[in-house]
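The values are calculated or read from the model by the stated rules, or taken from the named source; none is laboratory data. Worth saying up front: this structure is predicted, and the values here are computed from it rather than measured. Backbone-built Cβ (ideal geometry, glycine too); neighbour counts: all protein chains shown. Keep in mind that these areas ignore ligands, DNA and RNA; they rest on the heavy atoms of the full protein, side chains included. Shrake-Rupley method; radii C 1.70, N 1.55, O 1.52, S 1.80 Å.
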Amino acid sequence: MPIINKLFEIYEARGFEVSSGLNPCHMENDAAAPFTCLFKNGTTYTNGLGIAMQEIYFLECLFADYRPKKIFLIGNSFGWSTIAIALLNPQARIVALDSGGDPKSLEGLEMTNDIGRELTLDVKAVKGISPQDVGTAVAEHLDGSIDFCFIDGLHTNEQIVLDYKAVQPFLTENGVMLFHDAISCGMEPGIEEIKELANGNIDYLQGTSSGMAILHSGNLSEVTATVKTFSFDDRLLDFMKQKHRQEKHRHLHRWKRSLKKRAGPFSFLFTQ
Ligand SMILES: C[S@@+](CC[C@H](N)C(=O)[O-])C[C@H]1O[C@@H](n2cnc3c(N)ncnc32)[C@H](O)[C@@H]1O
């Protein structure tokens, strides 16, 4: 069941204007255009942008059949991803941690809890810093275990490894960890380090706007089906990049081809 209309309505009912899912090509090549911004009275409330509309669709696919019971998030901001995940998992207990470091993110914690109460979702947004406060938050609010974790806090290679190490001891068998912005923020080195440490598969989800990465056991068909749809092998990606380059330079290619035709025995001088 899609949740995107409801998610917009929840924030609009609180006086926000929501921008999400815009195409960078239509927005002066702004790479941030697909991500979610909340505005009120001309002020941005989301310094740390919320996940993109296409990523909500990814979550809808992921949670169509996969039903984790205990969910933990690092990086709540204004609760956009917390509430999205809660709407998709009404059966789950959801705990979101935020350091309050981003402007207005403390207000965001309060608002997330208000929304959770209003919708009778089992959501708790708490102030705390990863990695040092993860253990306490998980012990206090999740009885010491996590089935699904979404990591969207500080986007550095060092920090995502720290986030992983803080969460990993609590992850249940077949537990899943999802990392936002892995490709967009150049966190592949951190992800590769986690790959070395982790017991499981890590896949890049190039079909998500930020290029998320997902750690999963490979044993849950309801997870692997969605991972397969949103990830692409290197050969196909190279082909698509090449195709894009060719289209960009198609006039040059046409010109080269026509020169090649005319060059007769010297046509080998003109490569494609
Ligand atoms: C990109 S925003 C999160 C966006 C949110 N997931 C969403 O989709 O709406 C990152 C948030 O992580 C918080 N943060 C940064 N470093 C953190 C840390 N080490 N521990 C906990 N929260 C952190 C910031 O205060 C900020 O609110």
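Residues that are under 25 Å from L171 (Cβ atoms) and among the β-branched types (V, I, T) number at least 2 in the following helices (runs of 4 or more DSSP H) confined to the range 33-126: 80-88. Do you know which residues across the range 42-81 are closer than 19 Å to L106 by Cα and away from the ligand (no atom under 13 Å from the Cβ)? Across the range 42-81, the qualifying residue is only T43. The listed residues are N219, N174, and the only one of them that is in a loop (DSSP other than H, G, I, E, B), more than 10 Å from the ligand (Cβ to nearest atom) and over 19 Å from the mean Cα position of the chain (by Cα) turns out to be N219.
Results for (1) under 24 Å from T36 (Cβ atoms); (2) open to solvent by 20 Å² or more (accessible area, probe 1.4 Å); (3) in contact with a Lys or Arg (Cβ under 7 Å, 6 or more places away or on another chain); (4) of a type in the set (V, I, T), shown as yes or no for each residue.
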{"position": "D122", "(1), (2), (3), (4)": "yes, yes, yes, no"}
{"position": "P131", "(1), (2), (3), (4)": "no, yes, yes, no"}
{"position": "E158", "(1), (2), (3), (4)": "no, yes, no, no"}
{"position": "G186", "(1), (2), (3), (4)": "yes, yes, no, no"}
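Of the candidates E118, E107, the single residue that is at pLDDT below 95, more than 7 Å from the ligand (Cβ to nearest atom) and more than 21 Å from the chain's Cα centre (by Cα) is E107.
Among the residues here, G21 does not qualify as open to solvent by 10 Å² or more (accessible area, probe 1.4 Å) and modelled with pLDDT under 95.
Could you tell me whether D102 is surrounded by 24 or more Cβ atoms within 10 Å (Cβ to Cβ), within 9 Å of the ligand (Cβ to nearest atom) and of a type outside the set (A, V, I, L, M)? So D102 does not fit the description; no.
Exactly one residue out of G218, G190 is touching a helix residue (DSSP H, G or I) at 6+ places or on another chain (Cβ under 7 Å) and surrounded by fewer than 18 Cβ atoms within 10 Å (Cβ to Cβ), and it is G218.
Listed conditions (1) buried (at least 18 other Cβ atoms within 10 Å of the Cβ); (2) among the polar types (S, T, N, Q); (3) more than 11 Å from the ligand (Cβ to nearest atom) are all met by T112, apart from (3). Scanning the range 82-92 for residues that are among the aliphatic types (A, V, I, L, M) and either open to solvent by 10 Å² or more (accessible area, probe 1.4 Å) or more than 9 Å from the ligand (Cβ to nearest atom) (or both) returns I85, A86, L87, L88, A92.
Scan the range 156-164 and tell me whether some residue there is outside any helix (DSSP H, G or I) and either in contact with a strand residue (DSSP E or B) (Cβ under 8 Å, 6 or more places away or on another chain) or modelled with pLDDT of 95 or more (or both). Yes: the range 156-164 contains one or more residues that are outside any helix (DSSP H, G or I) and either in contact with a strand residue (DSSP E or B) (Cβ under 8 Å, 6 or more places away or on another chain) or modelled with pLDDT of 95 or more (or both). Scanning the range 26-41 for residues that are within 10 Å of the ligand (Cβ to nearest atom) and aromatic (F, W, Y) turns up just one, F35.
Scanning the range 147-169 for residues that are in contact with a Gly (Cβ under 6 Å, 6 or more places away or on another chain) and over 15 Å from I214 (Cα atoms), we see that the one that is nearest to the ligand (Cβ to nearest atom) is G153. One residue stands out among those in the range 33-57 that are modelled with pLDDT under 95 and open to solvent by 40 Å² or more (accessible area, probe 1.4 Å): the one that is nearest to T229 (Cα to Cα), which is L49.
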